[in-house]
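Trainee: Sharing a structure, written as structure tokens. Questions coming.
The numbers here are math on the coordinates, done by the rules we state, and not lab data. Predicted model, so just to flag it, every value in this text is computed and none were measured. Here the Cβ positions follow ideal geometry from the backbone for every residue, glycine too, while neighbour counts run over all protein chains shown.
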Amino acid sequence: MIANILGMNFYELFIKNRKGFNQYQIPLYFCYMAKKKLVVLTGAGISAESGLKTFRDSDGLWNGYNIEDVATPRAWKKDPKLVLEFYNMRRKDVALAIPNNAHTILAELENDFDVHIITQNIDDLHERAGSTKICHLHGEIFKMRSETDEELIYEIREDILFGDTAADGRQLRPYIVWFEEPVPMIETAVEITRSAEIFLVIGTSLAVYPAAGLVNYAPWKIPKFIVDKRVPNTSSIYNLTAIEKPATEGIAVLREMLKKLTDV
Ligand code: APR
């Protein structure tokens with residue numbers, strides 16, 4: 001029973017060998033047993049196998065749209081209806097999508113690691129897969145906000161229409177961080193990354209800052225992994241293992257590699 005609760009290593013050290021611990025060793029042992037902090041930066045590639053388009057692949061969203069027309073404050077000023085239409089479509093796509101095995105495995109890794117997800121994705125597939133600590137850097141598609149007051153935030157499952165207003169009487173807009181806008185969650189993300197013990201990147205081209213720079217805040221020595229169908233240039237990152245596979249396959253490979261790190 002005790003062995004089940006505390007783990008086999010405890011049984012072997014404490015009961016089987018009958019060596020026991022002194023008052024200093026026991027707390028040290030529990031520190032040793034604490035789950036390692038696994039910080040994961042995800043991008044559109046992790047949701048690709050759920051049927052959601054990435055941005056920069058050949059069939060990506062930015063192939064069919066101009067960023068300047070739909071994802072900037074200027075676009076919102078010029079043609080808010082077009083911007084609303086674009087994100088109303090994204091909301092419909094996400095509502096129809098279901099988490100894939102990569103999302104699910106990340107959620108399952110919480111059994112063995114203290115997993116913190118930092119995602120650039122606006123979908124809710126990490127949440128639906130069961131992950132519990134998720135930081136959305138670029139907003140969330142199932143939320144909307146006043147165009148002037150970024151604190152006035154509401155849930156939204158349907159379309160946002162031109163003329164829909166927040167409590168302050170201003171037009172509602174998607175709760176999305178557009179290009180040229182500040183990224184309010186970046187400081188939180190940097191803090192999380194600084195204390196990582198393992199850092200993992202999945203399905204991002206690392207083309208958009210400040211998100212792409214996060215890996216530079218991860219402690220230099222820690223093990224880092226990247227899973228991507230086409231791994232971007234990461235030659236400057238120390239102690240990085242690249243797994244060039246689609247997310248669902250790559251993360252299964254990675255899970256085996258991570259098992260070895262829990263034994264350390
Ligand atoms: N499995 C793993 N990786 C994949 C898969 C897949 N099935 N399909 C595509 N990829 C990879 C691509 O090789 C690429 O490296 O996912 C990455 C997608 O890159 P982008 O389209 O640039 O998406 P992302 O990095 O998330 O974009 C960052 O840019 O437009 C903005 O705000 C938007 O959050 C987004 C940000």
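Trainee: Name the single residue, out of those in the stretch 33-59 being small (Gly, Ala, Ser) and either more than 19 Å from Pro99 (Cα to Cα) or in contact (Cβ under 8 Å) with a residue 60 or more places away in the chain (or both), that is farthest from the ligand (Cβ to nearest atom). Walk me through it before giving the result.
Mentor: So in the stretch 33-59, the residues small (Gly, Ala, Ser) come out as 34, 43-45, 47-48, 50-51, 58.
Checking which are either more than 19 Å from Pro99 (Cα to Cα) or in contact (Cβ under 8 Å) with a residue 60 or more places away in the chain (or both) leaves us with 34, 43-45, 47-48, 50, 58.
Values: Ala34: 30, Gly43: 3, Ala44: 4, Gly45: 2, Ser47: 9, Ala48: 4, Ser50: 9, Ser58: 10 Å.
Here the answer is Ala34.
Trainee: Do you know which of the residues in the stretch 182-204 that are among the polar types (S, T, N, Q) and touching a residue at least 60 places away in the same chain (Cβ under 8 Å) is surrounded by the most Cβ atoms within 10 Å (Cβ to Cβ)?
Mentor: So in the stretch 182-204, the residues among the polar types (S, T, N, Q) come out as 188, 193, 195, 204.
Okay, now just the ones that are also touching a residue at least 60 places away in the same chain (Cβ under 8 Å), so 193, 195, 204.
Working: Thr193: 22, Ser195: 13, Thr204: 24.
In this case the residue turns out to be Thr204.
Trainee: Within the stretch 128-154, which residues are surrounded by fewer than 17 Cβ atoms within 10 Å (Cβ to Cβ) and among the polar types (S, T, N, Q)?
Mentor: Across the stretch 128-154, the qualifying residues are Thr132, Thr148.
Trainee: Quick one: is Phe225 in contact (Cβ under 8 Å) with a residue 40 or more places away in the chain, surrounded by 14 or more Cβ atoms within 10 Å (Cβ to Cβ) and not charged (D, E, K, R)?
Mentor: no
Trainee: Also, I was wondering about something else. Filter the stretch 96-127 down to residues that are among the acidic types (Asp, Glu) and in contact with a Leu (Cβ under 7 Å, 6 or more places away or on another chain) and give me whichever is surrounded by the fewest Cβ atoms within 10 Å (Cβ to Cβ).
Mentor: In this case the residue turns out to be Asp114.
Trainee: Ok, one more. Name the residue that is farthest from the ligand (Cβ to nearest atom), counting only residues in the stretch 119-146 that are assigned to a strand (DSSP E or B), without any contact (Cβ under 8 Å) to a residue 40 or more places away in the chain and more than 23 Å from Gly213 (Cβ to Cβ).
Mentor: Ser146
Trainee: Quick one: in the stretch 228-260, which of the residues that are free of Cβ contacts under 8 Å to residues at least 60 places away in the same chain and within 7 Å of the ligand (Cβ to nearest atom) is farthest from Leu214 (Cα to Cα)?
Mentor: Among residues in the stretch 228-260 that are free of Cβ contacts under 8 Å to residues at least 60 places away in the same chain and within 7 Å of the ligand (Cβ to nearest atom), the one farthest from Leu214 (Cα to Cα) is Arg230.
Trainee: OK, next. Would you mind telling me which numbered condition in (1) under 29 Å from Glu85 (Cβ atoms); (2) not in a helix (DSSP H, G or I) Ala212 fails?
Mentor: Of the numbered conditions (1) under 29 Å from Glu85 (Cβ atoms); (2) not in a helix (DSSP H, G or I), the odd one out for Ala212 is (2).
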